[in-house]
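Any read-out appearing in this document is the output of simple, stated calculations on the displayed coordinates, not a laboratory observation. Keep in mind the model is a prediction, meaning the values are calculated, not measured. With ideal geometry, Cβ positions are generated from the backbone for all residues, glycine too; neighbour counts draw on all protein chains shown.
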Amino acid sequence: IITTFIMMYFAGFTLNMLSLGGLALGVGMIVDDSIVVLESIFRYREAGCSAWESATAGAQEVAMAVTASTFTNVVVFLPVIFIEGIASQIFKELALTVSFALLASLLVALTLVPVLANRLVKVTERHDEKTLYGKIMITWGRALDALDSGYRSLLQWSMKHRKQVLLTVLGIFIFSVALYPLLDREFLPEIEGGEVSIAIEMPCGTGLEETAKIAEEVEMLCEKIPEVDTVFTTVGSSGAMSIVEAADPDKASLQARLLPRKERQRSAGEVAKKLRREVAELPGAKIEVAETDPKSMGMAVESPVSISLQGDEIDVLEENAEEIAHIISKVPGTSNVKTSLEEGKPEIQVKLDREKAASYGLGTYQVAQSLKSAMSGEVATRYRSGGQEVDLRVRLVPEACANLEDLESLRISSPLGIQVPLKEIAQLKKAKTPAVIARQNQSRSCSIYADLDGRSLGSVMEDIRAELDQMHLPPGYSITYGGEQEQMIESFDALKLALILGIVLIYMVMASQFESLLHPLVIMFTIPLALIGVILAFVLTGMTFSIAAYIGVILLAGLAVKNGIVLVDYINVLRSRGLSRGEAILQAGPIRLRPVLMTALTAIFAMLPLAVGAGEGAE
């Protein structure tokens, strides 16, 4: 572990959730090599060899096997490091941290462990049955003998009934693969963030004071919920991006921070549901309540559901976007459905009659400047005080241009010395301008967004696609799917390629060790068989398959061949001593049973705390 921290330092890594998560994953695996080496040394000691002979012979016997098995775990992560996309950005540090830990453990297993074993490993001839320790060790020894005997019998039966064993394993594998389509899929696991975010949007043109009143009412509703610890309110912005956006007096945002998970009964999602019901009763405001999503980890992760509609006419886009939003809102498991088409900002359009204006000696520029001076004012002079200059701006009083009629009566100074009412040379009308005009692939576009509520992304998107496939769009209009769904598909494709490349690299490492193309092929069959446990575990627990689970499968590909390498390597050693293939298998299996079980159990128990998921953010 110390060596891993040193290597992380020189690699420029920081201590974060992913790098420490990689170290937590590696804790169970870093003892594997030492277990195999120590068990080999101990077996020589039990055979009557001296401490020095046992240390050297035992370490040499398994040196190539543990080296190859460690490198299979390391090379399987190489494609993850070099692939493009968000999956590599998220798991690069985790993969490298695990690799650092495994390489350090190999170095320790081949150098320090034999030295310590030479000094410390002793074989106890007989345990005292009168002591508690002796009774425990004798009982444990008998259990191991029974396990060894049972495994020998099972192995002998399997060797005599090869077809039945192969057909049984094949049947279980086919059954497990058939269950794979039943797994729900999502981009990243849902994480309890401990916060609820609320976005308030008032009608366009609403003043700051009225928006603040609504925000205060929502804040009072939040404070009545016992799980809420503190509430932060910002009026004049729609969220965290307000630092770089212009202030919007008709928008506000609230962030409700909850008590620690152990001190509250309801989750952040349940609190968000309760708030969503209560704020729905507030009139005149569009309010969205959602659980704060911490899984973006500082990256620009879109809404879970994001659908883009492309076309030419903005009116047709708006009509169909509202229909799509209505359809999505009816799909179970969706919430906060909205479109990117914002209500247009009110404006007054002035259409100049050029002929009439020209008869008074006026043009577009002069009229525009007069309107600007009337409404925004002109700097008449500057006032200096204490080394500072202050602009003195002269403009009409606000009441002089408060509505359309006032502007129509506004008089424009003509070069001919005539004061011309604006309505004499122009037509004025109220209108609304689009707040945003978005384009995608040279076409106007509109996006429809939605959050998830109690269902996985994959199952929700399947239902949405089924509903939208029945919708008839006008000619020239199309739908594309984005958001987390697009990121999930891209990441899954990238990790699928990484898994295939990792398996190829594993085979190459084993082929170089065994100097054979057939022996590694035998061991490679353990990889698809390991998927039996993966699929059954997800089906039985109801968990969703995400890119984090995909990284686990890639890691499993390296782990699955580890025990096979140690076993096949020893079988080859016995065959080189003159034993037949069947005799070598029957003898190597029970001898390698103890280190195989020990390495498997250490890996399982080391990962249990991560699997249990105790504490906030453990997902």
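Remarks
- All lysines inside 24 Å of residue 262 as judged from Cα atoms, apart from same-chain residues fewer than 8 positions distant: 224, 273, 274, 295
- Here's the list of lysines a cross-link from residue 429 could span, going by alpha-carbon distance under 29 Å and ignoring same-chain residues fewer than 8 apart: 251, 286, 345, 351, 356, 372.
- Other-chain or far-sequence residues with amide H under 5 Å of residue 292's (modelled H): 195, 196, 197
- Each peptide in 363-373, 99-109 gets a packing score, the mean of other Cβ atoms within 10 Å over its residues, and the list from highest to lowest is 99-109, 363-373.
- Treating each Cα of region 448-593 as an identical point scatterer and summing with the Debye formula, the log10 of I(q)/I(0) at q = 0.16 Å⁻¹ comes to -0.96.
- Relative contact order %, region 192-292, counting alpha carbon pairs below 8 Å whose residues are six or more apart: 44
- Helix 208-223 and the longest principal axis of the C-alpha atoms of the chain enclose an angle of approximately 30°.
- Taking the longest Cα principal axis of the chain as reference, the axis of helix 483-514 is set at about 20 degrees.
- Counting neighbouring Cβ atoms within 10 Å and putting the fewest first, the residues 465, 581 line up as 581, 465.
- Sorted on the mean count of surrounding Cβ atoms within 10 Å across their residues, most packed first, peptides 537-545, 395-403, 113-121 read 113-121, 537-545, 395-403.
- Model label sites at residue 318 and residue 378, defined 7 Å from Cα along the beta-carbon direction, differ in position by 3.8 nm.
- Take every pair of alpha-carbon atoms less than 8 Å apart whose residues are at least six positions apart; their mean separation over the length of the chain yields a relative contact order of 22 percent.
- 3J(HN,Hα) along region 4-9, derived from phi through the Karplus expression 6.51 cos²θ - 1.76 cosθ + 1.60 where θ = phi - 60°, amounts to 4, 4, 5, 5, 5, 4 Hz, with x in place of Gly and Pro.
- Equivalent-ellipsoid semi-axes for region 192-292 (Cα gyration tensor, √(5λ), whole Å, largest first): 24, 14, 10.
- From phi via Karplus (6.51, -1.76, 1.60), per-residue ³J(HN,Hα) for region 179-184 in Hz, x at Gly/Pro: 7, 4, x, 6, 6, 6
- The Rg/Rh ratio of the chain, with both radii computed over alpha carbons and Rh defined as the Kirkwood radius, is 1.16.
- Selection from 180, 461, 324, by position along the positive dipole direction of the chain (Cβ): 180
- Acute angle (nearest 10 degrees) that the helix 17-27 long axis makes with the longest principal axis of the chain, alpha-carbon atoms: 10
- Taken as Cα centroids, region 208-234 and region 158-177 sit 62 Å apart, rounded to the nearest whole angstrom.
- The phi-based Karplus calculation (6.51 cos²θ - 1.76 cosθ + 1.60; θ = phi - 60°) puts the 3J(HN,Hα) values of region 526-532 at 6, 5, x, 5, 5, 5, 4 Hz, whole numbers, x for Gly and Pro.
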